[in-house]
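A quick write-up on the structure given underneath.
The values are calculated or read from the model by the stated rules, or taken from the named source; none is laboratory data. Note that the structure is predicted; figures quoted are calculated from it, not measured. Backbone-built Cβ (ideal geometry, glycine too); neighbour counts: all protein chains shown.
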Amino acid sequence: MWLAFYNQEGIGDVLLLTSGTVADEHIETKSNDNVTVIYDEITKQPVSINIFGVAETLGLTGNGAIELHDEQVKSVNQLIQKAGFDIEISVDNSPKFVVGHVETCVPHEDSDHLSVTTIRVAADEVLQIVCGARNIAKGLKVLVALPGAVMPSGLIIWPGELRGVVSNGMVCSTRELELTHIEDYPGIWELKSDLPIGMPLSEVVAQYA
């Protein structure tokens, strides 16, 4: 899964694509024509792609994280391959901030403040997420940032580990979501219990209007 970013005023006419992170000391860069690819030199996998001069070709709008429709993805892949790179990107435009139900919540064995939770985010999907909020508890409805979510701060949520435990997402507070006009309390956002699992953030906000 690739994420797309564009900010013509801030950095110029450059489409930024990313699929993960890499330590600075393991970055390998290759450029050809108007395409620059950043690889992880250990895995040899591409983690970022910068494509220059794309505004007219792709008709890009927006500032920050953007969604690419199917025709734009097709054009992006043509530009990448025309530049000589054997890479094909794909995107997932499904909602990345959704209602989840905390099914289990136990203390992290190597921390005095972290909890290991399992959270149902869809009828057929349960994620393990490590959470540091004091008010996390079994049975709560919470707002989950799924892998691939981009927080208002610009932080990208990737699968990872916290103190050796796999964590696939983040349980959010209203402060992290910049929704303090709805509620402004420490800890995660405890949602209304009747909100359906998987409801996207935009619909959740409407419930509090």
Got at least one residue in segment 89-97 being hydrophobic (A, V, I, L, M, F, W, C), touching a helix residue (DSSP H, G or I) at 6+ places or on another chain (Cβ under 6 Å) and over 30 Å from Asp33 (Cα atoms)?
yes
Checking Ile188 against (1) β-branched (Val, Ile, Thr); (2) under 30 Å from Glu67 (Cα atoms); (3) without any contact (Cβ under 8 Å) to a residue 40 or more places away in the chain, which single condition isn't satisfied?
(3)
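Restricting attention to segment 77-86, does a residue exist that is free of Cβ contacts under 8 Å to residues at least 24 places away in the same chain and acidic (Asp, Glu)? I'd like the intermediate steps shown before the answer.
Our first condition is that a residue be free of Cβ contacts under 8 Å to residues at least 24 places away in the same chain; within segment 77-86, this holds for 77-78, 81, 86.
Subset that is acidic (Asp, Glu): 86.
Checked segment 77-86: at least one residue is free of Cβ contacts under 8 Å to residues at least 24 places away in the same chain and acidic (Asp, Glu).
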Pair list, Cβ < 6 Å and 6+ apart or interchain, from segment 41-54 residues that are on the phi < 0 side of the Ramachandran plot to residues that are in a loop (DSSP other than H, G, I, E, B)
Pro46/Ile87; Val47/Ser19; Val47/Gly20; Val47/Val22; Phe52/Asn34
If we keep only residues of segment 114-128 that are within 21 Å of Pro200 (Cβ to Cβ), aliphatic (A, V, I, L, M) and in contact with a strand residue (DSSP E or B) (Cβ under 7 Å, 6 or more places away or on another chain), then the residue surrounded by the fewest Cβ atoms within 10 Å (Cβ to Cβ) is Val126
Scan segment 132-140 and tell me whether some residue there is without any contact (Cβ under 8 Å) to a residue 60 or more places away in the chain and at positive phi.
yes
For a quick check of your reading: which helices (runs of 4 or more DSSP H) sit entirely within segment 1-113 and have at least 2 residues that are surrounded by 14 or more Cβ atoms within 10 Å (Cβ to Cβ) and at pLDDT 95 or above?
70-82
